[in-house]
Each structure stands twice: as C-alpha cells, then as structure tokens.
Amino acid sequence: MEKILVTGGDGLLAHQLKTIAPAGFEFSFLGRAEFDLTQKELMARRLAELRPQAVINTAAYNLVDRCEIERDLSWAVNATGPETLASLCAEKNIRLVHYGTDYVFDGAKKSPYSEADAPHPLNHYAAGKSAGEQAVLRASPEHLVLRTSWVFGWHPTQTKSFVHTILRAAREGRALKSTTDQISVPTFAPDLAQWTLELLQGNAGGLFHAVNDEGVSRFDWAKIILEEAAGAGLIPAAPPVEPVLSSFFNATMRRPDYTVLDNGKLVKSVGHPAGSWRSGLKKMLAQMK
C-alpha cells in the first residue's frame, strides 16, 4: 500500500485524485491550514507523522494578476515553498510530484514547446513558478514536475474555471469577448490526475509536459464551450463571442501569446494517447447537468 500525501486538498486536482483513487494507494488530503507551503516546521512535522512514500503538491498561488501585487506571498508559495518541500522530501527519500505551468515560456517560438526548451518568464507569476520547477528538479532526480495548462473540470464547490466563467456570462446575458492572441492547450483535470498516478507507478522522474492534445485560442475555446453547453441543454443557445486582442483588456501584466506544450514524452511514458480536451469538456458538462 503506497501512502500518498496530497497538498491543496480542497482544490480541483485533489478532488480528481480523490475520485479516481485506485486500490493500492492510501491518500491523505491536507488543506492549507494543515500543510502550508510557507511553514517549513509544519511541513516537516506532517511528513514525520504521515510518513508518505510520495507527496503530490497541488497547492499553488495561481491568481496570475494578483501575483504582480502580492509578490512576496506568491513567491513564497510558488517558488520558496516547493524548494523547501522538495528538500524535505529528498532528505526523507520521499518522491515529490509538483505542477508547473506553460506560462514559463514567452510565446516567441510559435510551435509546441518541448521539455528541452528554455523557460523565459514574462511576469512575476511565471518567474515564481519557473523557480519552483527548477528547485524541485534540482533537489532529486526522482522528483517529478508536470507542466500543464488551462486546467478545467467539475468540482462540487469550486466554480472558478474558464468553463464556469463563460457559462455564467452566457446565462446572465452578458456580452462575451475573448482573445484570439492567447493560444494554449486546455487540460482535463481527471486526465491530469490519471497521468500523475501512472507516472508515479512507473517510477518516472524529471520534467514532463502534461496536457491534452490540440492547441486552441481562448476565443475558439470559449466558442466550443458554448456550442457544447447548448448541445447539452445547459444554455438555450450559444451566444456570439466577440474576438478581441489581449490589449483590449488593458492588462497591467504581460502574458505569453503562444504556450502550446508538446506532450509526446508523456504519451511515450504512460503508453497511451493523452486524449482530447473536447471529450473532457463533454464529460464535465454532463456532470454539471
């Protein structure tokens, strides 16, 4: 029986790990109060008490725009925290799974990024996440970093995903605008949870790009969500979406415009296709009904 400690225990990815939890694993799900990435002594105490073989760190500060303002806190959670946790785990011979982000790239490449491409963060959130990734990889060759993007899925209480936001706006009759110049890969949370456990079981270590197949712009992603939701009977009809550029929203923060990740290494390692976010979206909408 492999004992696994999951941080960020109330979040979307933790919920999916809870849902699929296969036989042979014993999970402990801890929220921020019980396992705070900014509290080294608390983390050390929990690891000593629970003695897990692996830690899956789903906790992060991912309010991207707020990271520009709350710089110290976001750096503590996204960079220093994972570094401390990775060292504690390496000392105790515990494997750590940590999640990175497509935002570590600047978007200049315009073709899918592989694990060999060098990060070039454009904003504070991305810089913190990049530092966290590198620290985890440095601490032990057995640690795993899964870089992912645009994670979505059903959760019993959390309704903050892009899918929820788009559907809420449609139901409230608000004018919908979405960007044509931000392109990445939506990733279905249950798929990400599944790959995580498969890579752990296969004793994989190092960096993997963990995303579904097919890059898409925010604009097209929004349109597909609305079409599928109308087809599923969640909204009466798909309202129009106005295509805009990122500059329309007067953001104070630079965002990369192209961060499609190449999932070839992941597919090879798990031994089956990563699958489509389109089928994931259909499953999520069926659950929302």
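Scanning the range 228-252 for residues that are under 30 Å from CYS67 (Cα atoms) and surrounded by 15 or more Cβ atoms within 10 Å (Cβ to Cβ) yields VAL241, PRO243, VAL244, SER246. When residues in the range 123-153 are screened for being among the small types (Gly, Ala, Ser) and in a loop (DSSP other than H, G, I, E, B), 3 of them pass.
Residues that are surrounded by fewer than 23 Cβ atoms within 10 Å (Cβ to Cβ) and under 30 Å from LEU281 (Cβ atoms): does the range 133-145 have at least one? Checking the range 133-145: not a single residue is surrounded by fewer than 23 Cβ atoms within 10 Å (Cβ to Cβ) and under 30 Å from LEU281 (Cβ atoms). I'm told ALA175 meets every condition in (1) modelled with pLDDT under 95; (2) under 18 Å from the mean Cα position of the chain (by Cα); (3) surrounded by fewer than 18 Cβ atoms within 10 Å (Cβ to Cβ) except one. Can you identify the failing condition by its number? So ALA175 meets the others, but not (2). Could you list all residues from the range 128-141 that are farther than 9 Å from TYR103 by Cα and within 17 Å of the chain's Cα centre (by Cα)? Scanning the range 128-141 gives GLY128, ALA131, GLY132, GLU133, GLN134, VAL136. Among residues of the range 90-122 being of a type in the set (Asp, Glu), touching a residue at least 24 places away in the same chain (Cβ under 8 Å) and not in a helix (DSSP H, G or I), the one that is farthest from ARG147 (Cα to Cα) is ASP106. Within the range 154-171, identify whether any single residue is in contact with a Leu (Cβ under 7 Å, 6 or more places away or on another chain), surrounded by 23 or more Cβ atoms within 10 Å (Cβ to Cβ) and either of a type in the set (Lys, Arg) or part of a loop (DSSP other than H, G, I, E, B) (or both), and answer yes or no. Within the range 154-171 (the criterion being in contact with a Leu (Cβ under 7 Å, 6 or more places away or on another chain), surrounded by 23 or more Cβ atoms within 10 Å (Cβ to Cβ) and either of a type in the set (Lys, Arg) or part of a loop (DSSP other than H, G, I, E, B) (or both)), the answer is no, since none of the residues qualifies. Being assigned to a helix (DSSP H, G or I), crowded, with 24+ Cβ neighbours inside 10 Å and not hydrophobic (A, V, I, L, M, F, W, C) is a description that applies to THR196. Close Cβ contacts (under 6 Å, 6 or more residues apart or on different chains) running from residues in the range 198-218 that are touching a residue at least 12 places away in the same chain (Cβ under 8 Å) to residues that are in a helix (DSSP H, G or I) and basic (Lys, Arg) comprise PHE208/LYS265.
Counting only helices (runs of 4 or more DSSP H) that sit completely within the range 203-289, those holding 2 or more residues that are more than 16 Å from the chain's Cα centre (by Cα), over 20 Å from ASP117 (Cβ atoms) and modelled with pLDDT of 95 or more correspond to 218-231, 277-288.
One line per residue, one yes/no per condition, for (1) assigned to a loop (DSSP other than H, G, I, E, B); (2) of a type in the set (D, E, K, R); (3) surrounded by 16 or more Cβ atoms within 10 Å (Cβ to Cβ); (4) touching a residue at least 40 places away in the same chain (Cβ under 8 Å):
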site: ARG32; (1), (2), (3), (4): yes, yes, yes, no
site: LEU42; (1), (2), (3), (4): no, no, no, no
site: VAL55; (1), (2), (3), (4): no, no, yes, yes
site: TYR61; (1), (2), (3), (4): yes, no, yes, yes
site: ASP65; (1), (2), (3), (4): no, yes, no, yes
site: TRP75; (1), (2), (3), (4): no, no, yes, yes
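On the given criteria, is THR101 surrounded by fewer than 21 Cβ atoms within 10 Å (Cβ to Cβ) and modelled with pLDDT of 95 or more? When the stated conditions are applied, THR101 does not pass them.
The values are calculated or read from the model by the stated rules, or taken from the named source; none is laboratory data. Just so it is clear, the model here is predicted, and its values are computed rather than measured. Cβ atoms come from the backbone with ideal geometry, glycine included; neighbour counts cover every protein chain shown.
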